[in-house]
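Down below is the structure, laid out as structure tokens.
The numbers here are math on the coordinates, done by the rules we state, and not lab data. The model shown is predicted, which means the values in this text are computed figures rather than measured ones. Cβ coordinates were reconstructed from backbone atoms using ideal geometry, including for glycine residues, and neighbour counts include every protein chain displayed.
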Amino acid sequence: MAKITFITSDNETIVAEANSGSVMELAKDNNVNGIDGDCGGVCSCATCHVHVAAGDFDKVGAPGEIEADMLELEDNYNEHSRLCCQIDISDAIDGVTLHVVN
Amino acid sequence: MIGASHAGVNFAFALRKEGWEGRIVLFDKDPVRPYHRPPLSKAYLTSDDPIEKHSLKSAESYEKEQIELCLGVGIISINRDTKTITLDTGEIQVYDQLVLATGARPLMPPIPGMDTAHQLYPLRTAHDVQQIKAALGDGKGKRAVIIGGGYIGLEIAASMKKLGAEVTVLEREARVLARVTAPEMSAFFQQLHAEQGVNVLTNKNVVSIATEGADNIVHCADGSQYPADLIVVGVGIRVNLELAKDAGLEIENGIKVNAQTQTSDTAIYAIGDCSFHHNPLYNRWVRLESVQNAVDQAKVAAAVIAGKDASYNSLPWFWSDQFDVKLQMVGLSEGYDELLIREEESERKFSAWYFRGDQLLAVDAVNNAKAYVIGTKFITEGKQVDKGKLIDTDVPLKPADLIKN
Ligand SMILES: Cc1cc2nc3c(=O)[nH]c(=O)nc-3n(C[C@H](O)[C@H](O)[C@H](O)COP(=O)(O)OP(=O)(O)OC[C@H]3O[C@@H](n4cnc5c(N)ncnc54)[C@H](O)[C@@H]3O)c2cc1C
Ligand code: FES
């Protein structure tokens, strides 16, 4: 079980939990504003961009190659950027906070 | 809102986001809560996940945003004088603004024997896939014939092969993907499928299907025959424009709209696969079949209805996943006069760059998101690419290195 905190760009805080699936799916199931997931989670659209809270980045890990390349195009890219459809939910990421970029 | 798929659903949520407080009612004849279509030929076909895993929005989202979702309801006519639409239940719904997002349906060519064939399906809806999955069972040893070698046909072929079926693709043209990409890309995909054991055959014009019991034989014009337990037809689509046509709206290769996505009646909008629109970046009228176009037009329509100044000027993009190959495309390549292929060191990783003179029109990137992203940047910013550096593998794929000075 992992509990994830989303903070949207209009400062709404949403806490959600799940055992499996991707963080993007969790965000959509919980109506998190700014996570559109247009491509359905195949790392093709970059509409699921989040900044991982600095202290949590090690838990979540760095993006893979394709994801990192996709992120480069993003306006608000920073060193804690991830496309959250590429983050799998597991105990390892329990308690992390994600700032929704859009 | 008529049609609740990528265009319709995104429109409804975008309209709420724009601050619209009136009623929003979405109608769709498909009874299933709106879902992503792209996975239908990919992840949804190959896994046992329920369709809800691919929902566009959760059930609670519609409630939260007070978006009324009327599923399993077809619209049969539009009356522009009374500003009403008629449902197939006979009921009448009034509107202030009407949005058509009726999309498209699979084209079923008039091939003799199609009606009586055993286990023959198109692939556009969740229901189609459920039927195909049931027919396929565990896949092993089932003979599947796919009529049509476009993106959807090839994706279905890759998915079915993964499931263990014996797959044959019959394409009428001399190459697969003939309508949508360059010969070089067609050759790559043809070889990819051959290596994975899919029987991809071109110049195969299907003329009839003979069926006895559960056995189908697909006959081609050249006399060849292919036995099939299951047939999937993927030869293209027909736009759902009958409602618009009957209502007297202007029609060309789709429902004609202006930059604000309004039809010839400004109280009626048309977005997504059904819209024939002008793309200012390419100065061309187009009809696109892509999630990008559906979503971007939905946003424009929502902004316009909410009283904002908005017009459509998106750069088209698209993707396709087959086996371990991720294809990402950006731009419109039509009208190109030069194609440059940039190879990378790894296998099955390259990109195709389409030019007209010095202008970069489009990029097809295979397992190469970097090329896709750089292509997007260059096209949007109208920057020129140094062609010599582009095809020189020793020059890293970085914007700064590729700009023509
Ligand atoms: C198998 C498959 C794979 C695809 N893969 C990709 C991909 O990888 N990338 C990509 O970008 N695009 C892909 N596409 C294309 C993409 O799905 C479409 O561009 C997108 O669905 C268009 O959305 P739309 O809302 O305009 O139309 P549609 O999705 O066609 O939806 C139209 C809706 O309107 C409803 N409707 C029509 N007429 C009526 C009526 N009279 N009354 C009530 N309801 C009505 C229909 O039931 C339907 O639900 C794929 C499509 C398919 C079928
Ligand atoms: S949902 Fe498209 S990139 Fe994450």
Original post:
What list do you get for B:Arg172, B:Arg105 if you sort them by fewest beta carbons within 10 Å?
Top reply: B:Arg105, B:Arg172
**OP:** Using a Gaussian network model of chain A whose springs link C-alpha atoms within less than 10 Å, name the residue from A:Asn33, A:Asn11, A:Asn78 with the highest mean-square fluctuation.
**Re:** A:Asn11
Original post:
Considering every Cα-Cα pair within chain B, what fraction, in whole percent, is farther apart than 36 Å?
Top reply: 31
Original post:
How many percent of DSSP beta bridges within the protein assembly as shown run antiparallel, rounded to 5?
Top reply: 70
Subject >> the range B:1-109, Cα convex hull volume normalised per residue, Å³ >> reply: 124
Original post:
How about chain A: which GluC sites (Glu not before Pro) there lie in a loop by DSSP and see at most 13 other Cβ atoms within 10 Å?
Top reply: A:Glu12, A:Glu79
Subject >> Charge dipole magnitude, Cβ of K and R +1, D and E -1 - the range B:324-402, Cα centre, debye nearest 20 >> reply: 260
Original post:
Radius of gyration and Dmax for the range B:324-402's Cα atoms, expressed in Å?
Top reply: 11.4, 33
Subject >> Interchain or long-range residues, amide H under 5 Å from B:Asn216's placed H >> reply: B:Ala228
Subject >> Selected from A:Ile35, A:Ile66, A:Ile14 as most flexible by GNM, with chain A as the system and alpha-carbon contacts under 10 Å >> reply: A:Ile66
**OP:** Counting only C-alpha contacts under 8 Å and six or more residues apart, can you give the relative contact order of the range B:324-402 as a whole percent?
**Re:** 29
Subject >> Of A:Met70, A:Ala18, A:Cys39, farthest towards positive along the dipole that unit charges on Lys, Arg, Asp, Glu beta carbons give chain A >> reply: A:Ala18
Subject >> Net charge of neighbours whose Cβ lies under 12 Å from the Cβ of B:Asp222, counting Lys and Arg as +1 and Asp and Glu as -1 >> reply: +2
Subject >> Charge dipole magnitude, Cβ of K and R +1, D and E -1 - the range B:78-200, Cα centre, debye nearest 20 >> reply: 280
Original post:
the range B:327-405: which trypsin sites (Lys or Arg not before Pro) are DSSP loop and have at most 13 other beta-carbon atoms within 10 angstrom?
Top reply: B:Lys404
Original post:
What residues qualify as long-range amide H neighbours of B:Val169, i.e. H under 5 Å apart, gap of 5 or more or another chain, H built at 1.01 Å from N?
Top reply: B:Ile146, B:Asn199, B:Val200, B:Leu201
Subject >> the range B:290-372: Rg to Rh, with Rh as the Kirkwood radius over Cα pairs >> reply: 1.10
Subject >> For the range B:274-282, 3J(HN,Hα) per residue [Karplus equation, 6.51 cos²θ - 1.76 cosθ + 1.60, θ = phi - 60°, Hz, x = Gly/Pro] >> reply: 7, 9, 9, 9, 8, 9, x, 5, 10
**OP:** Starting with the fewest neighbours, write out B:Thr86, B:Thr168 ranked by other beta-carbon atoms found within 10 Å of each beta-carbon.
**Re:** B:Thr86, B:Thr168
Subject >> Sequence-distant residues sharing a close amide H with B:Gln384 (under 5 Å, placed H) >> reply: B:Lys404
Subject >> Fewest-first sequence of B:Asp324, A:Asp38, B:Asp88, B:Asp28 by Cβ atoms within 10 Å of each Cβ >> reply: B:Asp324, B:Asp88, A:Asp38, B:Asp28
**OP:** Rounded, prolate or oblate: pick one for the protein assembly as shown, where a ≥ b ≥ c are the square roots of the eigenvalues of its C-alpha gyration tensor, a/c under 1.5 means rounded, and failing that, prolate if a/b is larger than b/c, else oblate.
**Re:** rounded
**OP:** Pull out a ≥ b ≥ c, the square roots of the eigenvalues of the alpha-carbon gyration tensor of the range A:1-80, then state rounded if a/c is under 1.5, prolate if not and a/b is larger than b/c, and oblate in the remaining case.
**Re:** rounded
